[in-house]
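Shown next, in structure tokens, is the structure this report addresses.
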Amino acid sequence: MDADVTLVLPDGAEKVVPTGTLPADVVRSIGERLLLAAVAVSIDGEVQDLMTPLRKGGAFRVLTERDAESLPVLRHSAAHVLATAVRRLRPDAKIGFGPAIDDGFYYDFEVTSPFTPDDIAAFEAEMRRVTQEKYPFVRAEVDLPEARVRFADDPLKLERLDDFTDPAEIISTYTDGPFVDLCRGPHVTDTGRLKHFKLLSSAAAYWRGDEKRQMLQRIYGTAFFKKDELEQHLFRIEEAKKRDHRRLGKELDLFMLHPYAPGATFWTERGTTLYNLLVDFVRERQQRNFAEIKTPLLYNKALWEQSGHWGKYKENMFLVLDNESGEHEFSLKPMNCPSHYLMYLAKKHSYRELPKRFVTFDVLHRNEVTGALSGLTRVRQFAQDDCHVFLREDQITEEVKFLTDFILGYYESFGLSATLKFATRPEQRVGDDAMWDRAEQSLRAALESTGRSYELKEGDGAFYGPKIDFDVTDSLGRAWQLGTIQLDYANPERFDLTYTGEDNATHRPVVIHRAVSGSFERFIAILIEHFAGAFPTWLAPEQVRVLPISLDQAAVAAAIVERMVAAGIRASLDDRNETLKYRVAEGARMKVPYMCVIGRREADADQVAVNTRGAGEGQKPAPVAVEDFIARVIAETKTRALSLTAGA
RNA sequence: GCUGACGUAGCUCAAUUGGCAGAGCACCUGAUUUGUAAUCAGGCGGUUGCGAGUUCGAUUCUCGCCGUCAGCUCCA
């Protein structure tokens, strides 16, 4: 082993120090003040703390509070501070893991009785004390027997120690004041670095994520370097609650759920309008290159045995009792794929027809476990904008590009952007390795030919093939998995799908499974939250509300509504015996894009005074000729404009 | 499915240690006919999720079931 390591500083200068030198000493040699500002260092992009001896050289950067890589270090330390506080107040608590996560950190504890909200508040107060006591994080490297002695009272840590099978692997502990944890690091220098944090919730979690193991109590929290960043984060959480589709779905009268049909949606008149508009939109986009079909909802189990679902997916299927046989021989379909194969099999196909794209909006049922159900994002009954492409192997690249553009273009029309994830073979799968090699290789090559960047999700593919997932980020920065492109060599084999090639011989097509919205239910949930219920005009269930000021204008207003409706606008009349103020307030609450007020002046001039959603209270509505207003709303609807313009 | 919390009028929420179940909004009726973010008055509305148990008495305590929520597991 080389006795020295070479560090390359950002300015290109090289620094050679003995192996085992602490980064803190290197930073001090650059500058005392830098040491005070330093949170950690980065060596060839790998973050390490100031008290971990240098073992290799490379590009050396000092990370301060301004560097994004520093935040997980702070949060990981916050988790230790939490554990320190919990151990002080609840010495019986056994410690599990406490990592930094995307929005903060958590720590798992094994306790005999779960934490209460009061406990959480007490822990947070105790954490405050631990930070004020400014304990340094002290790193120690120990051997396995020593580690076993040190964590003799912590069964979860002992189990973790069993994983250390490579004697060369370094086992380290971090100590802050009274608390010692088995931990790889990195950490901030002392508990005093943690200033702006908050505990958010506690819930149970399986030890090591395994549902067969015991449940631990997990406490979630978040931490930031700056106070305003913490406040902004907490504000975003509050905003997210206001946008919650379950809340807005009720307030805007879009849908309801009922205990008699758990996991299934009752769409109200408004919600159904919205739903149908989305289906229409997808239909319109799929008019040219796709073939829409409808297939049965209920199938004999023979189909599921052939598809492999009976073995792998039966738990999630709703079985239907056959009265004659007294057996559960039928099942509601949980996906459309097999029915599309049956349609494909009904005819002989020429290579000239391919790619052949079947699309279906049929209702699907999946018997999700009760605990998984959640609003519209996780339901038992839903519909996908499902597509199965039958194609020749040499068409994969072009098809993947076509579908990727199709999907991303769809999201763009809502102002949503997506990140791509490439998912490879899972543990539970059908087909041999040769098939998977081939499928992964061709899908990956196709993905790369699109020139778009993507992340790798190892082992996350479908059981019949690798896939590209499209994770959409909403206006609050939260990611949702919606669209998918899945390459399938297995099912063409199982269902003996064929086409006749140019050579007049029989060939095996490849199948691509594609969804864009994921499900309409989930997509609508995301749209509700993305737009905070303020849908663009083309999607708004009620586009225009007409308000006559008094009874004198009621007839004129009704006639104007008629003209709007005749022109294709979803307009309604509110001539209730209420004050104008009241009706304007309600229209605003319902997030109607345009409210047209009609008083004597407007009635005489065939005009409307247009209130535009979002222009705020006390806006000065400009009078617009009725015909002009109608034309503007129609244009806005046709172009599917994302922002309101007709009122301007 | 697992852990925990919760379930009161259509909605949002109240109801001392177990002692007559309330308010605002919505809805209905009347007055008012309104020029831009909730006009006034009156009224209707409940087997407190369902079912047992303890008790003189249960919204309140106990148990079971159903549902919802936060997570975990799973997932479009």
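Only the coordinates and a few stated rules stand behind these numbers; no lab work does. Because the structure is a prediction, the values reported are computed rather than measured. In this analysis, Cβ positions are derived from the backbone assuming ideal geometry, glycine residues included, and neighbour counts consider all displayed protein chains.
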### Task
Using DSSP to define loop residues, name the trypsin sites (Lys or Arg not before Pro) in region A:218-326 whose beta-carbon has at most 16 other beta-carbon atoms within 10 Å.
A:Lys226, A:Arg288, A:Lys294
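Taking square-rooted eigenvalues a ≥ b ≥ c of the alpha carbon gyration tensor, is region A:456-532 rounded, prolate or oblate, where a/c under 1.5 means rounded and, failing that, a/b exceeding b/c means prolate?
Verdict is prolate for region A:456-532.
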### Task
Grab the DSSP H runs of chain A that are 4 residues or longer, score each as -39,500 (n - 2.57), total them, divide by all residues and round the 222 nm result to the nearest 500 deg cm²/dmol.
-10000 deg cm²/dmol
### Task
Quick one: work out the % antiparallel among DSSP beta bridges in region A:4-64, nearest 5.
85
### Summary
In degrees rounded to 10, the 0-90 angle between helix A:626-638 Cα long axis and the longest Cα principal axis of chain A is 50
### Note, ³J(HN,Hα) from phi for region A:551-560, Karplus 6.51, -1.76, 1.60, rounded to Hz, x at Gly and Pro
3, 4, 9, 4, 5, 4, 4, 4, 5, 5
### Query
With θ set to phi - 60° and the Karplus curve 6.51 cos²θ - 1.76 cosθ + 1.60, what are the ³J(HN,Hα) couplings of region A:339-351 in order, to the nearest whole Hz, using x for Gly and Pro?
5, 6, 5, 4, 5, 5, 5, 5, 9, 7, 10, 9, 4
### Value of relative contact order over region A:1-84, rounded to a whole percent, pairs C-alpha under 8 Å and six or more apart
29
### Summary
Given pairs A:Lys294/A:Lys314; A:Lys227/A:Lys591; A:Lys56/A:Lys227 and cut-off 31 Å on Cα-Cα distance, the over-length ones are A:Lys227/A:Lys591; A:Lys56/A:Lys227
### Query
Residues with beta-carbon under 15 Å from that of A:Glu110, excluding A:Glu110: net charge, scoring Lys, Arg +1 and Asp, Glu -1?
0
### Query
Spin-label point model (7 Å from Cα, Cβ direction): what's the A:Ala291 to A:Leu342 distance in nm?
1.7
### Message
Given R₀ = 41 Å, what would the calculated FRET efficiency be for A:Arg66 paired with A:Lys620, taking r from the Cβ atoms and rounding to 0.05?
### Response
0.35
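Any idea what the relative contact order of region A:537-648 is, in percent, if you count C-alpha pairs under 8 Å spaced at least 6 apart?
Values: 178 pairs, mean separation 34.1, N = 112.
Contact order relative to length: 30 percent.
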### Query
At what distance in angstrom do the alpha carbon centres of region A:359-398 and region A:82-145 lie from each other?
42
### Task
Please list the non-local residues whose amide H lies under 5 Å from the amide H of A:Ile101, H modeled 1.01 Å from N, same-chain partners needing a gap of 5 or more.
A:Tyr106
#### Entry: Sum of side-chain charges, A:Lys421 neighbourhood, beta-carbon under 9 Å (Lys, Arg +1; Asp, Glu -1)
-2
### Task
Mind jotting down the distance between the C-alpha centroids of region A:225-264 and region A:609-648, whole Å?
28
### Query
For region A:396-402, what does the Karplus curve 6.51 cos²θ - 1.76 cosθ + 1.60, with θ = phi - 60°, yield as ³J(HN,Hα) per residue in whole Hz, taken in order and with x for Gly and Pro?
4, 4, 5, 5, 4, 5, 4
## Note on the structure
Here the FRET efficiency for A:Glu627 versus A:Glu412, based on Cβ atoms and R0 = 35 Å and rounded to 0.05, is 0.65
### Message
Can you tell me the length gained on complete extension of the stretch A:Asn300 to A:Ser449, counting 0.36 nm per residue apart and subtracting the Cα distance?
### Response
49.5 nm
## Note on the structure
Amide H neighbours of A:Phe318 at under 5 Å, excluding residues fewer than 5 places away on the same chain, with H built from the backbone geometry, are A:Leu332, A:Asn367
### Task
Pop a pseudo-label 7 angstrom from the Cα along the beta-carbon direction at both A:Arg247 and A:Ala372 and give the gap in nm to one decimal.
2.7
### Task
Using amide H atoms built 1.01 Å from N in the peptide plane, name the residues 5+ places from A:Tyr220, or on other chains, whose amide H lies under 5 Å from its own.
A:Leu200, A:Ser201, A:Ser202, A:Ala203
### Summary
Between the modelled labels at A:Ile237 and A:Ala205 (7 Å from Cα along Cα→Cβ) the distance in nm is 1.5
#### Entry: Low-density loop cleavage sites - trypsin sites (Lys or Arg not before Pro) in region A:36-90, where at most 16 other Cβ are within 10 Å (DSSP)
A:Arg55, A:Lys56, A:Arg66
### Task
Under 14 Å from the Cβ of A:Pro91, count the other residues' Cβ atoms, weight Lys and Arg +1, Asp and Glu -1, and hand me the total.
-2
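Mean separation of Cα pairs under 8 Å and 6+ residues apart, divided by the residue count of chain A: what relative contact order is that in percent? Numbers along the way, then the final one.
Values: 1189 pairs, mean separation 53.9, N = 648.
Relative contact order for chain A comes out at 8 percent.
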#### Entry: Shape call, chain A: gyration tensor on alpha carbons, a/c limit 1.5
oblate
### Task
Could you tell me which of rounded, prolate or oblate describes region A:33-166, using a ≥ b ≥ c as the square roots of the eigenvalues of the alpha-carbon gyration tensor, with rounded for a/c under 1.5 and, failing that, prolate when a/b is larger than b/c and oblate otherwise?
oblate
